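Visitor: Have a look at the structure that comes next, please.
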Amino acid sequence: MALLCLNITTIDWITVSFLVIGAYVLRYYYNYFTRKNPLPGPIPFPIVGNLLQLGLDGTKIAKHLDSKYGNISEVYFGSNRSIFISGLDEVEKIYSPTSIKKNDFIYRLPPNKGINEIGLEKNGLMFNRDIKDWSINRKILSQTLMSRVFLRNTIKLIEKNCDELFQYWDLFGVAEHDNCTVIEVPKWTRAFTNDLIIETTISKKSYAKANYFNRLSDKKLDIPQHLLKQSGDLIDNLFAALKGGMFIINVPSCIRHTIFKYLNDMIIGLFYRVEDVISKRVKERRQEIEAMSVEKELPSDLLTMMITTNTSRDQNKIRLGDYSEPLSDISICKIIVELIIGGTDTTMATISFVLAYLCNHPKVKDQLIKEIEQVYGVNLSPTITIESLDKLRYCEAVIHETARICPVNEVFFRTSNNRVELCGYTFEPGTMFWTNFYSLNNNENYWVEPDAFNPDRFLDNDLKKLKAFYQFGGGVRHCPGRLLVMAQLKSFLVRFFSKYDIESTISNQPIIKGFAGGITYCEKFDVYIRPKKI
Ligand code: HEM
């Protein structure tokens with residue numbers, strides 16, 4: 001009897017479950033097929049949307065949608081609808097408004113549980129949906145990152161990091177073996193930019209280059225093991241967290257907290273571990289500043305400038321309207337996490353792509369070296385100033401042309417805060433728009449021979465007039481790191497080509513690309529580096 005009861009109950013259970021799931025699926029597809037403004041796109045599955053078909057990488061998804069569906073299409077990440085667009089008029093409409101009030105696309109993301117769980121929905125810049133708080137952080141950061149004092153400080157930091165990198169290369173054999181030292185460009189540039197962004201943001205020595213050198217070489221550097229380990233752990237945690245970011249943003253909370261609970265908790269834990277290290281550094285820097293004599297000029301590094309904003313020690317007089325509070329430790333910490341995430345792989349990928357394109361286009365490389373020698377003379381280790389960097393017009397054109405043909409952010413995203421019209425469709429507030437920069441930058445309607453690598457096109461034209469060129473976004477949320485990154489890239493190229501020459505290990509070497517965390521990077525490109533003959 002008990003067995004019969006159990007069987008009936010089990011069968012009932014199975015039937016009820018099927019009915020509930022069936023009803024849910026029917027309702028889901030009824031809503032899907034009767035939705036407002038249906039756009040072309042793959043048919044989603046309940047709960048996961050198109051995640052199983054398309055994966056998590058926005059860059060790959062955009063390319064697929066563009067080739068299959070054209071200028072406008074839709075995709076579901078979980079149950080959230082995202083619109084992918086690649087028409088110039090629509091992209092301009094999203095990225096051109098320069099005032100907050102007249103902006104219909106002020107948010108980056110709709111409300112997102114994952115972002116909230118890592119504490120970035122009401123903090124920092126990138127994902128901050130508290131527009132008042134975002135606006136204060138944005139003013140402080142933009143004015144700091146664009147100030148001459150900060151940029152001067154940055155150039156010195158790059159010079160120091162270049163000297164260190166070149167010292168390792170020379171130890172590694174570049175100085176001795178005249179023509180056979182192979183350097184894996186992406187791996188070294190990653191280590192270089194990791195150190196650069198950490199020293200830029202937290203003013204503390206970082207050892208990614210040294211760790212990489214030690215891994216490759218039998219000669220070990222004389223640096224205390226605990227420093228190498230601390231630095232290695234911070235970088236490993238940061239980039240594991242960054243890789244997990246797409247999972248946190250795109251996978252629905254109900255799946256993250258059940259089936260993938262272990263992975264979810266691990267990624268969120270990584271964010272907090274990184275934040276813990278940075279938070280300790282912010283406190284330490286506050287104490288260092290307090291210990292410095294008030295008569296003495298404070299250093300113009302980012303952390304000092306953020307800590308002293310709106311305090312009596314503020315040397316840069318950042319204008320914040322009627323806001324008169326200093327930034328809290330937690331705000332500084334969240335901003336720094338975002339800067340490290342936003343400013344490392346983007347810069348690393350750009351340096352690698354520039355070097356790879358120069359190797360495959362020796363005439364462009366010669367022209368660039370000529371310009372560097374005109375501005376700095378023939379000098380193995382020239383002193384760089386902001387004023388001298390301003391003279392490097394061809395160098396700037398090379399960087400822009402590389403970013404055009406091979407953008408590191410092939411897509412980017414914004415979210416509407418008002419009801420908006422695009423391509424004849426009306427979209428409700430909170431709709432997420434992915435914009436396809438790659439397809440605009442390489443579109444034959446806007447570029448003559450878009451497949452040709454030709455920096456001259458940027459010499460003849462005012463950057464502002466090149467409407468179909470998207471490197472740093474635009475409008476109110478334009479990348480605040482753009483001057484910093486241009487100074488970093490130009491300074492690196494000056495120092496590099498003053499000391500070395502470079503050649504691809506094979507002629508016309510294919511540039512192998514990888515996609516991770518929304519960034520397209522150079523996966524593999526091997527070069528010979530030789531000391532320059534003077
Ligand atoms: C080659 C390097 C870089 C590229 C291609 C790049 C690209 C971008 C793009 C496309 C955006 C979106 C802008 C928009 O919505 O209009 C952005 C935003 C942002 N970038 Fe960059 N970036 C780079 C380097 C940096 C660096 C070095 C930093 C800082 C150290 C940085 C910090 C940020 C931040 C904080 C935002 C969010 C701004 C906001 O939402 O208000 N980026 N970047």
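Visitor: Restricting attention to segment 339-357, does a residue exist that is acidic (D, E) and within 16 Å of the ligand (Cβ to nearest atom)? So that I can check it myself, show each step before the final result.
Guide: Restricting attention to segment 339-357, the residues satisfying the condition of being acidic (D, E) are 345.
Next, only the ones that are within 16 Å of the ligand (Cβ to nearest atom) stay: 345.
Within segment 339-357, one or more residues are acidic (D, E) and within 16 Å of the ligand (Cβ to nearest atom).
Visitor: For L493, all conditions in the list (1) in contact with a Lys or Arg (Cβ under 9 Å, 6 or more places away or on another chain); (2) more than 10 Å from the ligand (Cβ to nearest atom); (3) modelled with pLDDT of 90 or more hold save one; what is the number of the exception?
Guide: (1)
Visitor: Also, quick follow-up: Is it the case that A208 is on the phi < 0 side of the Ramachandran plot and at pLDDT 95 or above?
Guide: When the stated conditions are applied, A208 passes them.
Visitor: Continuing with this model, one more query. If we keep just the residues of segment 85-108 that are within 10 Å of the ligand (Cβ to nearest atom) and hydrophobic (A, V, I, L, M, F, W, C), which is nearest to N443 (Cα to Cα)?
Guide: Once the filter is applied, the top-ranked residue is I94.
Visitor: Taking F213 as meeting all but one of (1) of a type in the set (F, W, Y); (2) over 30 Å from Y95 (Cβ atoms); (3) within 13 Å of the ligand (Cβ to nearest atom), write down the number of the exception.
Guide: Result: F213 passes all but (3).
Visitor: Now for a different question. Could you list, in sequence order, the residues of segment 208-220 that are part of a loop (DSSP other than H, G, I, E, B) and open to solvent by 30 Å² or more (accessible area, probe 1.4 Å)?
Guide: Within segment 208-220, D218, K219, K220 qualify.
Visitor: Moving on. From (1) touching a strand residue (DSSP E or B) at 6+ places or on another chain (Cβ under 7 Å); (2) within 16 Å of the ligand (Cβ to nearest atom); (3) of a type in the set (S, T, N, Q), pick out the condition that doesn't hold for N194.
Guide: Exception for N194: condition (1).
Visitor: Determine, yes or no, whether D233 is at pLDDT 90 or above and open to solvent by 50 Å² or more (accessible area, probe 1.4 Å).
Guide: On the way: at pLDDT 90 or above: yes; open to solvent by 50 Å² or more (accessible area, probe 1.4 Å): yes.
For D233, the condition - at pLDDT 90 or above and open to solvent by 50 Å² or more (accessible area, probe 1.4 Å) - is met.
Visitor: Pick out the one residue from K464, K513, K524, K499 that is over 28 Å from K63 (Cβ atoms), away from the ligand (no atom under 13 Å from the Cβ) and either without any contact (Cβ under 8 Å) to a residue 24 or more places away in the chain or open to solvent by 30 Å² or more (accessible area, probe 1.4 Å) (or both).
Guide: Criteria check complete, one pass: K499.
Visitor: In this structure, is F472 modelled with pLDDT of 90 or more, open to solvent by less than 20 Å² (accessible area, probe 1.4 Å) and among the hydrophobic types (A, V, I, L, M, F, W, C)? Outline the logic, then answer.
Guide: Values: modelled with pLDDT of 90 or more: yes; open to solvent by less than 20 Å² (accessible area, probe 1.4 Å): no; among the hydrophobic types (A, V, I, L, M, F, W, C): yes.
Here the answer is no, as F472 does not meet what is asked.
Visitor: For segment 404-442, how many residues are within 13 Å of the ligand (Cβ to nearest atom), part of a helix (DSSP H, G or I) and open to solvent by 10 Å² or more (accessible area, probe 1.4 Å)?
Guide: The number of residues fulfilling the criteria is 1.
Visitor: Here's something else I'd like to know. Do you know which residues across segment 97-138 are under 22 Å from S73 (Cα atoms) and not aliphatic (A, V, I, L, M)?
Guide: D104, F105, Y107, R108, P110, P111, N112 - these are the residues of segment 97-138 that are under 22 Å from S73 (Cα atoms) and not aliphatic (A, V, I, L, M).
Visitor: So, one more: Quick check on segment 167-189. Is at least one of its residues modelled with pLDDT under 90, of a type in the set (G, A, S) and open to solvent by 10 Å² or more (accessible area, probe 1.4 Å)?
Guide: Yes: one or more hits.
Visitor: A further question follows. Out of the residues in segment 10-33 that are open to solvent by 100 Å² or more (accessible area, probe 1.4 Å) and modelled with pLDDT under 85, state the one that is nearest to Y76 (Cα to Cα).
Guide: Among those that are open to solvent by 100 Å² or more (accessible area, probe 1.4 Å) and modelled with pLDDT under 85, it is W13.
Visitor: If you take the residues of segment 116-129 that are open to solvent by 30 Å² or more (accessible area, probe 1.4 Å) and near the ligand (Cβ under 10 Å from one of its atoms), which of them is nearest to H478 (Cα to Cα)?
Guide: By that ranking, first place goes to M126.
Visitor: Would you mind stating whether L484 is in contact (Cβ under 8 Å) with a residue 12 or more places away in the chain, under 18 Å from I405 (Cα atoms), open to solvent by less than 20 Å² (accessible area, probe 1.4 Å) and within 13 Å of the ligand (Cβ to nearest atom)?
Guide: no
Visitor: Then there is this: Failed condition for A452, given (1) surrounded by fewer than 17 Cβ atoms within 10 Å (Cβ to Cβ); (2) closer than 27 Å to T346 by Cβ; (3) touching a helix residue (DSSP H, G or I) at 6+ places or on another chain (Cβ under 8 Å); (4) not charged (D, E, K, R), with all others met?
Guide: (3)
Visitor: Let me ask something additional. Which residues, counting only those in segment 130-148, are away from the ligand (no atom under 13 Å from the Cβ) and either surrounded by fewer than 15 Cβ atoms within 10 Å (Cβ to Cβ) or in a loop (DSSP other than H, G, I, E, B) (or both)?
Guide: Within segment 130-148, K132, S147, R148 qualify.
The values are calculated or read from the model by the stated rules, or taken from the named source; none is laboratory data. In this text the structure is predicted, and so the values were computed from the model without any measurement. Note: ideal-geometry Cβ built from the backbone for every residue, glycine included; neighbour counts use all protein chains shown. Just the protein is used for accessible areas: all its heavy atoms, side chains included, with ligands, DNA and RNA removed. Shrake-Rupley method; radii C 1.70, N 1.55, O 1.52, S 1.80 Å.
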